[in-house]
1. In the set Lys166, Lys180, which member is touching a residue at least 12 places away in the same chain (Cβ under 8 Å), assigned to a loop (DSSP other than H, G, I, E, B), among the charged types (D, E, K, R) and more than 16 Å from the ligand (Cβ to nearest atom)?
2. Among the small types (Gly, Ala, Ser) and part of a loop (DSSP other than H, G, I, E, B) - does that describe any residue in the stretch 313-324?
3. Test Leu216 against the stated conditions and say whether it is more than 16 Å from the ligand (Cβ to nearest atom), outside any loop (DSSP other than H, G, I, E, B) and either over 20 Å from Leu130 (Cα atoms) or within 24 Å of the chain's Cα centre (by Cα) (or both).
4. Would you pick out the residues in the stretch 361-404 that are of a type in the set (D, E, K, R), in a loop (DSSP other than H, G, I, E, B) and either on the phi > 0 side of the Ramachandran plot or more than 16 Å from the ligand (Cβ to nearest atom) (or both)?
5. Say whether the condition of being closer than 26 Å to Glu200 by Cα, in a loop (DSSP other than H, G, I, E, B) and within 16 Å of the ligand (Cβ to nearest atom) is met by at least one residue in the stretch 334-353.
6. Answer yes or no: is there a residue in the stretch 267-284 that is outside any strand (DSSP E or B) and closer than 30 Å to Ala392 by Cα.
7. With the structure loaded, tell me whether Phe322 is in contact (Cβ under 8 Å) with a residue 40 or more places away in the chain and within 16 Å of the ligand (Cβ to nearest atom) or whether it fails that test.
8. Condition check: surrounded by fewer than 24 Cβ atoms within 10 Å (Cβ to Cβ), at pLDDT 95 or above and aromatic (Phe, Trp, Tyr). Does Phe322 satisfy that?
Amino acid sequence: MEKLLCGNKGHALNNFKIAAGLKKGKHKGMFWHDGDFYKWMEAAVYVYAQNKDKKILKQLDQYIEIIAKAQDKDGYLQTQIQLREEVDRYENRKYHEMYNTGHLLISACIHHNVTKKSNFPNIAIKQADLLYTLFYPETKQLGRFGFNQTQIMGLVELYRATDDKKYLELAARFINRRGKYEVDHNSTTIGYPIGDMVQERVPLRKSKEAAGHAVLALYYYAGAADVYAETGERALKQALDRLWENITQKKMYVTGAVGQAHYGASSNRDKIEEGFIDDFMLPNMTAYNETCANLCNAMFSYRMLGIKGESKYADIIELVLFNSGLSGINIEGNKYFYANPLRMIHNSRAYNSHENATETPERECYLECFCCPPNLVRTVAKLSSWAYSITANGLAINLFGGNKLKTKLDDGSELQLIQKTNYPWDGNISIKVKKCKSSSFEILIRIPDWANGSALKINGKEVNSKISAGKYLKLKRRWESNDTIDLSLPIHTQLVEAHPRVEEARNQIAVKRGPVVYCVETPDLPTSTEILDVYLQGNSNFESKHQKDFLGGVTTLKTDLLIREDKKTDKLYNSVSKPKWKTHATQLVPYFAWSNRGKAEMTVFLPVLWNKEN
Ligand SMILES: [Zn+2]
């Protein structure tokens, strides 16, 4: 990815070099390209934090030097504007200045947290101070300027890093002025939809449903959650609770994906692109589900987890990570999807990757709109920090995976754990205490919402306390080194149906095994089978088989599917009597791993035939 962003293909570093006077040329790429470069830098910092490879740090320092040279004296830094004659600073919000600023602030703060260096934060502070001067005062001209508002998260991050309250106050102001101004086109909005599309129709504290562009909305809600975490304002939390419930109970796919439509309308009749539409309107084939939106769903949930400590938030994080987040990248890790629908047919023109409709897509090495790949990389690179949380007197285990933990509890005492597991393919998780304080403390373990019938042993002895799916199990005792927790989660195949109001999934079934959603792909079907002819028998058996050399090492599900054989016409409606069926023994593969075997048709939801005698 570095080669892409720093070379002539991605051009992101070139833009900074040109703005710094180190190279001749024009700005290339989307208006938000600076922000995507900062996201990649953030990912690189996380990787450095893990492997301590000094080459990464040195390379980043060189990039930071170029970025510093590109910054104007007063702190302004936006190559998409600096390198264009025809447009002024903060002239029109579609130029994504807030988005670029947000990612600059976040990336610089993370760099500082890990390296303690001030070179990157110095750039961020200059930029944030300029923002404060221009945007803290209430002006009609700039009152609606916030757009794709990662600057809210960035400002809170900068407040945490510097302890300077003005950054928090500015972050809160960006939230407070949303919904305050009349929604009508003016010179700062021309060229892009307004109103619900950019979450400016309804003030956040009065919002009852998620609206608009899914990425814009979720960055905004995540920023508001950051502000709440610092201010503790009740009305803000109540609004975020409502929005989170609305998204996860009425507008989210079984894969954790969000953003139901490429284009549509909000309930206030505003035009919506790449975003949320009505409750329960969840089409499979035309779903947009931008990789960024899915990841932002996890980011918002991670913040709610920090605020409320309830396991339902970690359930969503995990759902995204094993499904709609991971589907954005191929098995080799060098090609990307922008949109992540739940069904694909050949030549449907239903798949819309950003502005281009592509017929039967495959992941691509470079996307002109390069927001998703660095977002995915930085999320994967920082997952270790999402896996555990420090609690008032102990630690919570949010996510499972083999790892060694070295941390400090809230009282400063050292804690070391070793977690061993083949999760999510296998539900056995072993956690060994390597080092801990001598007084008692708690270890909270998330029992996923699907894991009914879990069992747990400490040092080989069954724990009697009730283990409830969808809750954290609290284990409080005087832990000693070599204490071992053995958790057994019942990973088996489950058939999942949607709420009956989801019309596009009525009488259809998705197959899940633990947190992993499965799909059927045409490479596993007889040649020239169309995915729309494939049905599932409700009483089917599923035999799980781990295949370590297949699709990077996945567990597949062997089953019999039904393929409908009677000829169809191209007519919109046909009379039907008794369809003809053929049984076909095949396998289902994890959804995240689809489209790694050439152009394929695929579906997550399958129409189901229930035998009423069974
Ligand atoms: Zn994206």
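The values are calculated or read from the model by the stated rules, or taken from the named source; none is laboratory data. Everything quoted here is computed from the prediction, not taken from an experiment. Using ideal geometry, Cβ is built from the backbone for each residue, glycine included, and neighbour counts are taken over all protein chains shown.
1. On the way: Lys166 fails: assigned to a loop (DSSP other than H, G, I, E, B).
Among Lys166, Lys180, only Lys180 is touching a residue at least 12 places away in the same chain (Cβ under 8 Å), assigned to a loop (DSSP other than H, G, I, E, B), among the charged types (D, E, K, R) and more than 16 Å from the ligand (Cβ to nearest atom).
2. Just the residues of the stretch 313-324 that are among the small types (Gly, Ala, Ser), to begin with: 314, 324.
Keeping just the survivors that are part of a loop (DSSP other than H, G, I, E, B) gives none.
Within the stretch 313-324, not a single residue is among the small types (Gly, Ala, Ser) and part of a loop (DSSP other than H, G, I, E, B).
3. Numbers: more than 16 Å from the ligand (Cβ to nearest atom): no; outside any loop (DSSP other than H, G, I, E, B): yes; either over 20 Å from Leu130 (Cα atoms) or within 24 Å of the chain's Cα centre (by Cα) (or both): yes.
It is false that Leu216 is more than 16 Å from the ligand (Cβ to nearest atom), outside any loop (DSSP other than H, G, I, E, B) and either over 20 Å from Leu130 (Cα atoms) or within 24 Å of the chain's Cα centre (by Cα) (or both).
4. As a first pass, look at the stretch 361-404 and keep what is of a type in the set (D, E, K, R): 362-364, 368, 378, 382, 404.
Retained after the next criterion (residues that are in a loop (DSSP other than H, G, I, E, B)): 362-363, 368, 382.
If the condition is that a residue be of a type in the set (D, E, K, R), in a loop (DSSP other than H, G, I, E, B) and either on the phi > 0 side of the Ramachandran plot or more than 16 Å from the ligand (Cβ to nearest atom) (or both), then Glu362, Lys382 are the ones that fit.
5. Narrowing the stretch 334-353 to residues closer than 26 Å to Glu200 by Cα: 338-339, 352-353.
Keeping just the survivors that are in a loop (DSSP other than H, G, I, E, B) gives 338-339.
Remaining after also requiring within 16 Å of the ligand (Cβ to nearest atom): 338-339.
Taking every residue of the stretch 334-353 in turn, at least one turns out to be closer than 26 Å to Glu200 by Cα, in a loop (DSSP other than H, G, I, E, B) and within 16 Å of the ligand (Cβ to nearest atom).
6. At the first step, the residues of the stretch 267-284 found to be outside any strand (DSSP E or B) are 267-270, 277-284.
Pick out the ones that are also closer than 30 Å to Ala392 by Cα and you get none.
Looking through the stretch 267-284, none of the residues is outside any strand (DSSP E or B) and closer than 30 Å to Ala392 by Cα.
7. In short, no.
8. On the way: surrounded by fewer than 24 Cβ atoms within 10 Å (Cβ to Cβ): yes; at pLDDT 95 or above: yes; aromatic (Phe, Trp, Tyr): yes.
For Phe322, the condition - surrounded by fewer than 24 Cβ atoms within 10 Å (Cβ to Cβ), at pLDDT 95 or above and aromatic (Phe, Trp, Tyr) - is met.
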